[in-house]
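*Asks:* My questions all concern the structure below.
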Amino acid sequence: MSSQCVISLIVGFLALSKATIISQKYTTKVVFNDKKSNDELVGEYNAHSLTECAAMCQRECVFFGFNSQMKKCRTHKKLFTCELSDEAGWRYYFHYDCVFSAMPKDCKDICEEGQTSTGVYDIYPYGTITSPVRVYCDMTTMGGGWTAIQKRVDGSVSFDRNWMEYKIGFGSPGQNVWVGNDVIHQLTKECISSLYVSITLQNGTTLYEMYDGFSVSNEAGKYQLFLTGPATGTLGNSMLDTGYSWRDLSGMAFSTPDRDNDRSSFANCAANYIGGWWFNACTYTYLNGPWSPGSWVDPWYPTVRNGTSVKGTTMMIRRN
Ligand SMILES: [Ca+2]
């Protein structure tokens, strides 16, 4: 079944207006007439009424069918089907709450659904089915459920980008990617997340640092970074505790070569460092630099100095 088909079904549902509410959670609006789907059937039960049937649509149930003649009720895990066949007497209904909760808003939700494979998934951070974001989910590191906001595997994608490109994101999930500042804000605006940063060196060694608190404000707030500890790991706490207040990054606005929001009155850090970041004046940590070791200024001072050949980087977040 095509994804377009899935979307048209769901959009059709979202377009339903003024359905009669049985209870807070259910609508009597008939969505399929004399149609049946056995896709992701949870179970078939006896039910005297539509209300009783609706009440059987609990966890994992996204839509349900009631046959008033047979007094039967079917509950289904998913509505992702277009392969419907005729079956007399059945009417199908959506379960409001579950339609929305069935859409994972981040990789943590996908992990909690039981997905254990690291890879690329669609998430719905905006809560609407029409605006999915394709992301890389790490399901193994530190318990899994991490949404990658930045990843680099080689130098094939330039991170020397302007404000708009960092806003909407660029690259390909699972390869080289910046997920986009709007998405990062959306993912962190309601719940504080943890941040996991890693740098893999040419010899295969991976160093990491994990921060307990990470969130980013909206565009009007210049995607200001809020970062708190405690920090643990092998890279060192260079984003926060540098020993120089003009290098610490918490509270910094995001800057790109075309938007100097940094704390240096004489330098344009993003232009000098060739990429976007939460520059202070300027920084001791910088994951978005030019791939060439000669041009990439201190990815993570003092652990990974400039001139170090980097094999890969990752920035991932997970709701606390
Ligand atoms: Ca400046």
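*Asks:* If you consider only alpha-carbon coordinates, what radius of gyration and Dmax does segment 107-319 have, in Å?
*Replies:* 15.9, 51
*Asks:* Say each of T206 and A281 gets a label point 7 Å from the Cα, pointing the same way as Cα to Cβ; how far apart are those two points in nm?
*Replies:* The answer from the label model is 3.8 nm.
*Asks:* Extension gain T228-R134, at 0.36 nm per residue separation less the Cα-Cα distance, in nm? Could the numbers behind the result be given before it?
*Replies:* On the way: separation 94, 0.36 × 94 = 33.84 nm, distance 2.74 nm.
Fully extending the segment from T228 to R134 adds 31.1 nm.
*Asks:* Next up: What pairs from K108/K311; K77/K167; K105/K151; K72/K108; K105/K222; K167/K311 go past 28 Å between their alpha carbons?
*Replies:* Values: K108/K311 26 Å; K77/K167 35 Å; K105/K151 20 Å; K72/K108 36 Å; K105/K222 23 Å; K167/K311 25 Å.
Exceeds cut-off: K77/K167; K72/K108.
*Asks:* A follow-up question, please. What number comes out for the charge environment of Y121, summing +1 per Lys or Arg and -1 per Asp or Glu over other residues with Cβ under 12 Å away?
*Replies:* Values: positive: K105, K108, R134; negative: D106, D109, E113, D122, D138.
Charge balance near Y121 sits at -2.
*Asks:* At q = 0.16, 0.19, 0.21, 0.26 Å⁻¹, what log₁₀ I(q)/I(0) does a Debye calculation on the Cα points of segment 159-244 give, no solvent, two decimals?
*Replies:* -0.77, -1.04, -1.17, -1.24
*Asks:* If amide hydrogens are placed 1.01 Å from N in the peptide plane, which non-local residues have theirs closer than 5 Å to the one on K311?
*Replies:* T200, L201, Q202
*Asks:* Amide H to amide H, which residues 5 or more places from L41 or on other chains are under 5 Å from it, using H placed in the peptide plane?
*Replies:* Here K77 satisfy the definition.
*Asks:* By count of other Cβ within 10 Å, fewest leading, how are V62, V297 ordered? Before the final figure, lay out each step's value.
*Replies:* Working: V62 23, V297 20.
If I rank by nearby Cβ atoms, fewest first, I get V297, V62.
*Asks:* Once phi is turned into ³J(HN,Hα) by the Karplus curve 6.51 cos²θ - 1.76 cosθ + 1.60 with θ = phi - 60°, what whole-Hz value does each residue of segment 47-57 show in order, with x for glycine and proline?
*Replies:* Taking θ as phi minus 60°, the curve returns 8, 7, 9, 4, 4, 5, 5, 4, 5, 7, 7 Hz for segment 47-57.
*Asks:* Let me ask you something else. Can you work out the Karplus-derived ³J(HN,Hα) for every residue in segment 257-268? Use 6.51 cos²θ - 1.76 cosθ + 1.60 with θ = phi - 60°, whole Hz, and x for glycine or proline.
*Replies:* x, 9, 9, 8, 10, 7, 9, 8, 7, 10, 10, 9
No lab work stands behind these numbers, since they all come straight from the coordinates. Values in this document were obtained by computation on a predicted structure and should not be read as measured data. When we count neighbours, we look across all protein chains shown, and the Cβ atoms used for this are built from the backbone with ideal geometry, even at glycine.
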